[in-house]
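Throughout, read-outs are computed from the coordinates displayed, never taken from laboratory work. Everything numeric here is computed off the predicted structure, so don't read it as measured data. All Cβ positions, even for glycine, are placed from backbone atoms using ideal geometry, and neighbour counts span all protein chains on display.
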Amino acid sequence: MIDLTIIRAFFVLLVTCAAGFLQPLQLDRAVAAAAGAMAGILIVLFEIRLKKVSLKRLIGAAVGSVLGILGAYLMSLVIEHALPHAGNTVPFLQLFILLLMTYVGLVVGGAKGDMLNLSALGGLFGGEKVQKQAFKILDTSVIIDGRIADVSETGFLDGVLVIPQFVLRELQLVADSSDSIRRNRGRRGLDILQKLQKMPMLNVQILEDDYPHIREVDMKLIELGKTYDCKIVTNDFNLNKVAQLHGVEVLNINELANALKPVVLPGEIMRVFILKEGKEYNQGVAYLDDGTMVVVDNARRMISKTIDIAVTSVLQTTAGKMIFGRFDERVHHVYEKQSERNDKAEKPDKHEKREREHASAVLPPTA
């Protein structure tokens, strides 16, 4: 690090001495030296910033700038032949177009450089760590759902979150719908996108790629996943199945939520609140905190009460998890008595603690 600082200082000094000795633009020697020092410092700052840029962005910026210069040269030839007697207007237009095309090519090429697949070049850039399937395409349904923002805040999603332009158009159509429910859902999706863009740990990009010959948004997402060899983030069951048939990997938020639910084994005792009557005879229905439905036999008369049940089976479906249990009064009374004994054991301790605190507050401290 010290050697690099010495080299940078020597470079700035060399540029300063060269500018002061050569005096470009007939400037005064002191002014020319100051301008040279400023130019050297700017070059060093540009070099420091350039070291933080990935190889993909460097390649994209280089290709974009070269294409911009080539386009500016061709346009300059056209302007030169179209305006042969325009005086100083032609050189100004040629310089302006050159700067414009080079700048646009540099910026656009650097921004789109992350989409390059360096592994397709046969290991020519083997030193660059290429993460396969680092891009994750967001579906309209998962944006409106909103849980993607909570998952992203925890850091479980890495890479680049890509939002196609046709998904944004569909989201805008939902937000402009005449139906109040759809309109609120669309506006919620736009708020979620703004929240994702403000997260410093995320890299959110808008992708302009489109497939005009495909009408369905789901099929466009699948084609986009094939093109960039990346994953689709969704909670749409049908899109999940169709994408798997086409060989595109899918991250389903619903499947993630089901996987994080607590594991319940048959024979365990659970305490639930019977909320309503079940479909079958003498059944009651309860819900856990995560929304899991619990169907309890012999619990119809226990509606609006908290009871202890024995789990009989657990059914895992694509829509979620269902727990089946049976209410037994004997089991309920045993666990109810245990909970009452625990409460009685805790109450004297709390009462005795309050008495000690009161006594310490009233009595003076002993010497």
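Please identify the GluC sites (Glu not before Pro) of segment 166-253 that satisfy two criteria: DSSP loop assignment and at most 11 other Cβ atoms within 10 Å. Which are they?
Taking segment 166-253 and a limit of 11 other Cβ atoms within 10 Å, the loop GluC sites (Glu not before Pro) found are 208, 216.
Would you grab the residues whose amide H sits under 5 Å from the one on residue 251? Only those 5+ places off in sequence or on another chain, please, with H modelled 1.01 Å from N.
When sequence neighbours closer than 5 places are left aside, the close amide H contacts are 232, 233, 234.
For segment 73-116 and segment 1-65, compute the distance between their C-alpha centroids and round to whole Å.
Taking the Cα centre of segment 1-65 as reference, the centre of segment 73-116 is 25 Å away.
Read phi for every residue in segment 42-53 and hand back ³J(HN,Hα) as whole Hz from Karplus 6.51 cos²θ - 1.76 cosθ + 1.60, θ = phi - 60°, with x for Gly and Pro.
5, 5, 5, 4, 5, 5, 5, 5, 5, 5, 7, 7
How large is the Rg to Rh ratio of segment 2-118 when both quantities use alpha carbon positions and Rh follows Kirkwood?
Over the Cα atoms of segment 2-118, Rg/Rh equals 1.11.
Once the Cα gyration tensor of segment 135-259 is found, what semi-axes does its equivalent ellipsoid get, as square roots of 5 times the eigenvalues, in whole Å, sorted largest first?
Taking √(5λ) for each Cα gyration eigenvalue gives 20, 19, 15 Å.
As a quick test, which of the pairs 279/305; 241/279; 136/241 have an alpha carbon distance above 20 angstrom in this structure?
241/279
Quote the FRET efficiency, to the nearest 0.05, computed for residue 214 versus residue 43 with a Förster distance R0 of 45 Å and r equal to the Cβ-Cβ distance.
With a Förster radius of 45 Å, E is 0.40.
Order by neighbour count: 227, 234, 16, 292, fewest other Cβ atoms within 10 Å first, most last.
Numbers: 227 12, 234 26, 16 20, 292 17.
In increasing order of surrounding Cβ atoms, one gets 227, 292, 16, 234.
Calculate the spin-label point distance for residue 226 paired with residue 169, positioning each point 7 Å from the Cα along the beta-carbon direction, and give it in nanometres.
2.0 nm
Determine the gain in length on full extension of the stretch residue 83-residue 107; use 0.36 nm per residue of separation and subtract their C-alpha separation, reporting nm with one decimal. All intermediate terms of the calculation are to be shown ahead of the outcome.
On the way: separation 24, 0.36 × 24 = 8.64 nm, distance 3.00 nm.
Result for the pair: 5.6 nm of gain on full extension.
Can you work out the Karplus-derived ³J(HN,Hα) for every residue in segment 203-220? Use 6.51 cos²θ - 1.76 cosθ + 1.60 with θ = phi - 60°, whole Hz, and x for glycine or proline.
10, 9, 10, 9, 9, 8, 4, 9, 10, x, 6, 10, 8, 6, 5, 4, 5, 5
For a quick check: sort 230, 17 by the number of other beta carbons within 10 angstrom, fewest at the front.
17, 230
I need 324, 10, 135 ordered by Cβ neighbour count within 10 Å, fewest first.
Details: 324 17, 10 11, 135 22.
Least to most surrounded, the residues fall as 10, 324, 135.
What residues have an amide H closer than 5 Å to that of residue 312, excluding those fewer than 5 places away on the same chain, when H is modeled at 1.01 Å from N in the peptide plane?
For residue 312, whose amide H was placed from the backbone, the distant partners under 5 Å are 267, 324, 325, 326.
Rg over Rh of segment 269-327, using C-alpha atoms and the Kirkwood radius, what does it come to?
That ratio is 0.93, to two decimals.
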